[in-house]
Amino acid sequence: MDIRTIEKDVLTKAKNNINPSTSSQLARELQQKWGKYAFDITNKLQKQGYLVRCDFFFGGDFWLGYLTPAGTEYLKELNYSAKKEQTNIYQNNFNSAVSVTNLQQGDHNSIIESKNEVDYSALLKTIEKINDLKLLYMKAEDYNPDFYKTLDELQESTEKKESYGKLKKIWNKLQNILGSNSVSNISSIISTIIAACTAFKWLKLNVGGEKAVADILDKYFIVRIAWVFGVNGSNFIKTMLKVGSNHDEVKVVDDQIGTPTYTFDLARLLVDMIETDKYGYYHATNSELPATESGYDENGTKTGYISWYDFTKEIYRQAGYDTKVTPVTTAEYGLSKAVRPFNSRLDKSKLVKNGFKPLPVWTDAVHRYLEILKKQGFFDELNK
């Protein structure tokens, strides 16, 4: 039982209590919803000074009183905490909630469609992600029980490996149930998951994930990113820190250009996005350092778009490494497990145009990320 949820419900009803005639009715509603907890928590809130003029009777009945100024402030705190909790849920699941194409800049309309095959395993994982949000969605004001009945139907059909046509029909039904009237944050999150690239990874459309979303849905966010790094999993920064800790020199390609994306900064942007109706395609890497006449800032860091070589130089500078970094071409470097595009430059002006705050400059993101790695003991492990 979430005590803070009950507290929020009690205080919200007290806020709406306009006269004595509604006091008993509101109390009954609380008792029907929360049972004996309604009495106990209302009594506690009055003792704490958040409520006034509540009447309590033998046997567990009570009349709800009114909100005090202190109660008003505490209710604001509870509302903020609830929103922050949903934001954290979204940050933890944002890779499942928004189409993130680790990109090569180009016209999405030129994507070639392929046969509609189904990756049943990926679809089941997507269903699992949505099921993780079930308890929160059930508490939302726009909760629709038909949604999870339909999701169960989709899961059953997927486990039976039924046809793409049938699965797509059920999938569209899920979207229609949520509809355009979703008002709670949690419904918006679920809607975004459904509209997202991950939701369509089960369609083996070669590079057609974006087009699948745009063709099937009217409301979607497709966010293109590049050079991603974050706390979870492996990434370029962790790899270069490991290599640099036991090599005197590293060779890094200097002819692949772009800017990195820190998942923490991206997640905050995505949360802002889903609270609007400004749907469409976006580019969202961390911002470049402002251009200078020399092409470098006071720390010797490359301004504007950067290469993997520039990225490595800055990582080592901030980490205090003295490892030599030598620039090479992709051809000189040779074969790599990760095939990367030469041009990952992204025009992020649409973010500003639509009122979204651009991601912080990439050097600041690297600094914050390295601080987290230090706290997690990453560097201590390297030195063992």
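Check off (1) part of a helix (DSSP H, G or I); (2) on the phi > 0 side of the Ramachandran plot; (3) not β-branched (Val, Ile, Thr) for MET240 and give me the number that stays unchecked. MET240 satisfies all of (1) part of a helix (DSSP H, G or I); (2) on the phi > 0 side of the Ramachandran plot; (3) not β-branched (Val, Ile, Thr) except (2).
Looking only at residues in the stretch 243-270 that are surrounded by 16 or more Cβ atoms within 10 Å (Cβ to Cβ) and of a type in the set (Gly, Ala, Ser), which one is nearest to GLY304 (Cα to Cα)? That would be GLY258. Across the stretch 2-55, the number of residues qualifying as exposed (fewer than 13 other Cβ atoms within 10 Å of the Cβ) and touching a Gly at 6+ places or on another chain (Cβ under 7 Å) comes to 1. Tell me whether the stretch 158-167 contains one or more residues that are of a type outside the set (Asp, Glu), crowded, with 17+ Cβ neighbours inside 10 Å and at pLDDT 75 or above. The answer is yes; a qualifying residue exists. Taking the stretch 350-363 as the range and being at pLDDT 95 or above and more than 20 Å from the chain's Cα centre (by Cα) as the test, only THR363 passes. Considering ILE222, ILE186, ILE193, the condition of being modelled with pLDDT of 55 or more and either touching a helix residue (DSSP H, G or I) at 6+ places or on another chain (Cβ under 8 Å) or closer than 28 Å to PRO290 by Cα (or both) is satisfied by ILE222 alone.
The values are calculated or read from the model by the stated rules, or taken from the named source; none is laboratory data. Computed from a prediction, not measured in an experiment: that's the story for all the values here. Methodologically, a virtual Cβ is constructed for each residue, glycine included, from the backbone with ideal geometry; neighbour enumeration extends over all protein chains shown.
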